[in-house]
1. Could you tell me whether segment 37-51 includes any residue that is more than 19 Å from Tyr102 (Cβ to Cβ), of a type in the set (S, T, N, Q) and either in contact with a His (Cβ under 8 Å, 6 or more places away or on another chain) or part of a loop (DSSP other than H, G, I, E, B) (or both)?
2. Within segment 231-272, which residues are touching a residue at least 60 places away in the same chain (Cβ under 8 Å), more than 22 Å from Phe144 (Cα to Cα), in a loop (DSSP other than H, G, I, E, B) and of a type outside the set (Gly, Ala, Ser)?
3. With respect to Leu214, is the statement that it is buried (at least 21 other Cβ atoms within 10 Å of the Cβ), in contact with a Leu (Cβ under 9 Å, 6 or more places away or on another chain), farther than 17 Å from Ala125 by Cβ and not hydroxyl-bearing (Ser, Thr, Tyr) true?
4. Just one of Ile50, Ile35 is within 30 Å of Asp134 (Cα to Cα), crowded, with 24+ Cβ neighbours inside 10 Å and either touching a residue at least 12 places away in the same chain (Cβ under 8 Å) or in contact with a helix residue (DSSP H, G or I) (Cβ under 8 Å, 6 or more places away or on another chain) (or both); which is it?
5. Name the one entry in Ser178, Ser147 that is farther than 30 Å from Val90 by Cα and free of Cβ contacts under 8 Å to residues at least 12 places away in the same chain.
6. Can you tell me which residue is surrounded by the fewest Cβ atoms within 10 Å (Cβ to Cβ) among those in segment 108-144 that are closer than 17 Å to Glu155 by Cα and free of Cβ contacts under 8 Å to residues at least 60 places away in the same chain?
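No lab work stands behind these numbers, since they all come straight from the coordinates. Remember, predicted model here, so these are calculated numbers, not experimental data. Here the Cβ is made from the backbone with ideal geometry for all residues, glycine too, and neighbour counts use every protein chain on show.
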Amino acid sequence: MYLSVKNIKQIKEAEIEGDKIVLYGPNGGGKSTLIHLALLVLDRISSSDIRHTAGTLIYYDHVINKRAFREDSSALLRFQTAGRDYNIEVRGTKMMVDNAEYELFADRSEKIADVSLWHIDEGRAQYVGTRLCDFAPIHIEENFAASVKCPQLAEKLYVPHEGGFGRVYYDMAQSGGSWISTRELSYGQRRFLAILAALHSGDFVFVENFEAGLHVDFMVELLEVAARTENTVVLETHSAFVVRRAPELGFRVYKVEGGTAKFVHDPKDVELFRREIQYLRLT
């Protein structure tokens, strides 16, 4: 995936590129703007009728909306799916696809591309479309309690616990020697399960505040799974650990700050990273 953005909210000019991406930087730097812009465009063109969203939107309209765009606002999203290349250009609030012009904030999708996308933050998991089964593969409540309906997805899922990993079946999870409702899992276990489901069933997976509720072992496991899946994964984080570990697994890290996004060659060159490491030093 390639995304370039100019003059949208706090983003003056930014480019990010790659199938596995980490966005890092201070609060208010524009990480969420990049994510929700991509979600807006991808949701606009998705041909899937499968929707598991809060209301009708997978992106948050308090993050990206018409007020975020000016006459000189522009964006370009390039990606490949099902053997076809897509180049989607945004000018103002217009979207250009294959020389055809569409309203970016129209009420309906144009059903242009067969793409599935997930959006997960610290409180909710939403998705449009799926790569597994021909129906909604999983239902996830706002507290991340899950009911898995697709056998192909269920066989890929597991929940970490103190004794190892437990299997998942419909709305039950294996914990030690017994089975419990997914509602009885801890917040971190429930969110781990939601992210794992996204990684295995989405063409595009966007996770904000990746580390929320996740012990370091959970983060390691999800990063390693994400590195193996054949899809586009974008993780937003404030964790120096993620910034340090992700590049070792093939992720490209970008520091989003000051209206732009800069590729991070060495995390030790980033002041925010150095400060966090300094705070973690024990005497």
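1. no
2. Within segment 231-272, Asn231, Phe251, Val264, Val270 qualify.
3. Values: buried (at least 21 other Cβ atoms within 10 Å of the Cβ): yes; in contact with a Leu (Cβ under 9 Å, 6 or more places away or on another chain): yes; farther than 17 Å from Ala125 by Cβ: no; not hydroxyl-bearing (Ser, Thr, Tyr): yes.
No: the conditions fail for Leu214.
4. The unique qualifying residue is Ile35.
5. Details: Ser147 fails: free of Cβ contacts under 8 Å to residues at least 12 places away in the same chain.
The match here is Ser178.
6. Per the criteria, the residue is Asp134.
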